[in-house]
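Here's the structure, in structure tokens; my notes come after.
The values are calculated or read from the model by the stated rules, or taken from the named source; none is laboratory data. What you see is a predicted model, and the numbers here were worked out from it, not measured in a lab. Because the Cβ atoms are built from the backbone with ideal geometry, glycine has one as well, and the counts that use them run over all protein chains shown.
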Amino acid sequence: MSLSTHSGGPITYTPLRAEYRALQTQPASHVFIGGITGTSGRMREIFSTIKKVAGKDVPVLITGESGTGKELIARAIHSHSSRSGMPLLQ
């Protein structure tokens, strides 16, 4: 699929599935959890925390400034939890 801009130049559209597959084939140095990818030490800590929290049956409060990815983290925790088949409460 291709879109065009006001200037007439094409914008290529990559379907999400293709992007998802591409991210899954990243080198082992990349970590991919719940739509979040990262390689830094801090991101690895966050991914470790997501896995730990997802395994617990406790409420989780995620705080942070606007635009820092709180909803992405919440979705990642939910998708790795035993409740992943149920709706995510927001």
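Every residue in segment 46-78 that is on the phi > 0 side of the Ramachandran plot and surrounded by fewer than 12 Cβ atoms within 10 Å (Cβ to Cβ), please. So that I can check it myself, show each step before the final result.
Start the filter on segment 46-78 by keeping residues that are on the phi > 0 side of the Ramachandran plot, which leaves 64, 67, 69.
Selection gives Gly64, Gly67.
Residues that are without any contact (Cβ under 8 Å) to a residue 12 or more places away in the chain, farther than 28 Å from Arg17 by Cβ and not hydroxyl-bearing (Ser, Thr, Tyr) do occur in segment 62-74. When Ser82 is tested against (1) outside any loop (DSSP other than H, G, I, E, B); (2) modelled with pLDDT of 70 or more, only condition (1) is not met.
Please determine, by comparing only the residues of segment 28-45 that are touching a residue at least 24 places away in the same chain (Cβ under 8 Å) and at negative phi, which one is surrounded by the most Cβ atoms within 10 Å (Cβ to Cβ).
At the first step, the residues of segment 28-45 found to be touching a residue at least 24 places away in the same chain (Cβ under 8 Å) are 33-36.
Subset that is at negative phi: 33, 36.
On the way: Ile33: 20, Ile36: 17.
Only one residue tops the list, namely Ile33.
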